[in-house]
Amino acid sequence: MALEYVEEYRNPELSRQLIGQIRALSRKNIRLMEVCGTHTMSIFRNGIRSVLPETISLLSGPGCPVCVTDQREIDAFIRIARRENVTVATFGDLLRVPGSESSLEKERAAGRDIRIVYSTFDALEIARNHPDRNVVFLGVGFETTAPTVAASLQAARAGAVGNYLVFSAHKQVIPALFALMDMESLAIDGFLLPGHVSVIIGVEAYRPVFEKHGVPSVVAGFEPGDILDAVRLLVNQIETGAPALENAYVRAVTPEGNAKARQLLADVFTPVDTAWRGMGMIPGSGLAIREEYAAHDAQKVLEIPLEPASEPKGCRCGQVITGQMTPPECPLYRKTCTPMNPVGPCMVSSEGTCAAYYRYHR
């Protein structure tokens, strides 16, 4: 299917055709996982689950950056915000995520200098304008946003903005896919691979996962037609017994990805073992700041250790983001845990599965 423009993928007639093809193909019970929070929101917003045959189940995976951020990191962010002479800069999704004892929102209400920014360079500009304060950008996200953080660190070093610091809690998608496939309790028949991340890393980055596990995998865009087309391709692979790694988002994603962005990541970050909420420690899945940029590494400069922390009592966010549970199965969902009173990050983030269920699912 060689459609060129975004509007074509929003065409109701195209969606009807794809739904008809999926229904004609589908015979087996199939469990597909979307590994992207934006896919999760698009699937709910467009009612895609409701139009698929009952044989197809869509599972939400660990594609929400805020949701997979380990509780120890959330607590570390709050401890940074409490430091004297520190300004915290963050994207808005992090503000209301509950820590063990507080949240960035509560700390801001208590008078801490915590600012919402819309890009890493906004944070860098705050540092330039306030040379008497350490400005700490909280780096949470996957390969989509990490290159912009890397670019800001390069600019800070080149411009001698010594008070600009980054706490890197960035994570990489490929190690997480390997970890998902190693979870004995989770049966996945196919992956709906993330579009935004794939723009950076390229389709071929998934080749090692596919060659080891042979799980049908399709990179998808975000419009209804994009997602339904990817589901059609996955169902066809599974029903015909011909697993493949395919790209259904050719207008944005190439086999090799964005070489400049990948080079930025390699220049500034180095892979490290890191913990994911609900998945534990995953080897090589984190991105630590290289020694050349240690003067801008908030963990080192401010000496912020990751201290032991427990998940919020009763919260099942970890099971939700690994496809082991749906939000309504969590005992807190719509009771103790709501968007106005979130217990865990899955109800906070705009890409969180619980938030999507609450808003769109009845």
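For the reader, a short list of remarks on this structure follows.
- Selection status of residue 256, among the acidic types (Asp, Glu), touching a residue at least 40 places away in the same chain (Cβ under 8 Å) and in contact with a Gly (Cβ under 9 Å, 6 or more places away or on another chain): yes
- Of the residues making up region 63-93, those that are in contact with a strand residue (DSSP E or B) (Cβ under 6 Å, 6 or more places away or on another chain) and either part of a helix (DSSP H, G or I) or not charged (D, E, K, R) (or both) are 68, 77, 80, 81, 86, 87, 88, 89, 90, 92.
- Residue under evaluation residue 127, criteria (1) within 19 Å of residue 85 (Cα to Cα); (2) open to solvent by 10 Å² or more (accessible area, probe 1.4 Å), criterion not met: (2)
- Checked against (1) closer than 30 Å to residue 152 by Cα; (2) without any contact (Cβ under 8 Å) to a residue 12 or more places away in the chain; (3) not aromatic (Phe, Trp, Tyr), residue 335 passes all but condition (1).
- Looking across region 275-295 at every residue that is of a type outside the set (Gly, Ala, Ser) and touching a Pro at 6+ places or on another chain (Cβ under 7 Å), the one that is most open to solvent (accessible area, probe 1.4 Å) is identified as 283.
- Of the residues making up region 296-339, those that are basic (Lys, Arg), surrounded by fewer than 21 Cβ atoms within 10 Å (Cβ to Cβ) and in a loop (DSSP other than H, G, I, E, B) are 313, 334, 335.
- For residue 106: the one exception among (1) touching a residue at least 24 places away in the same chain (Cβ under 8 Å); (2) more than 23 Å from the chain's Cα centre (by Cα); (3) surrounded by 16 or more Cβ atoms within 10 Å (Cβ to Cβ): (1)
- Of all residues making up region 344-362, the number that are open to solvent by 30 Å² or more (accessible area, probe 1.4 Å) and in contact with a strand residue (DSSP E or B) (Cβ under 8 Å, 6 or more places away or on another chain): 1
- Index of the failed condition, residue 166 passing every other in (1) in contact (Cβ under 8 Å) with a residue 24 or more places away in the chain; (2) closer than 30 Å to residue 84 by Cβ; (3) outside any strand (DSSP E or B): (3)
- Test: residue in region 228-237 that is open to solvent by less than 40 Å² (accessible area, probe 1.4 Å), in contact with a Pro (Cβ under 6 Å, 6 or more places away or on another chain) and free of Cβ contacts under 8 Å to residues at least 60 places away in the same chain: yes
- Filtered by the rule that a residue be within 20 Å of residue 217 (Cβ to Cβ) and surrounded by fewer than 18 Cβ atoms within 10 Å (Cβ to Cβ), region 26-48 gives 28, 29, 31.
- Of residues in region 311-362 being touching a Ser or Thr at 6+ places or on another chain (Cβ under 7 Å) and among the polar types (S, T, N, Q), the one nearest to residue 49 (Cα to Cα): 353
The values are calculated or read from the model by the stated rules, or taken from the named source; none is laboratory data. Note that this is a predicted model, so its numbers are computed, not measured. Glycine also receives a Cβ, built like all others from the backbone with ideal geometry; neighbour counts cover every protein chain displayed. Accessible surface is based on the protein model in full, side chains and every heavy atom, while ligands, DNA and RNA are left aside. Shrake-Rupley method; radii C 1.70, N 1.55, O 1.52, S 1.80 Å.
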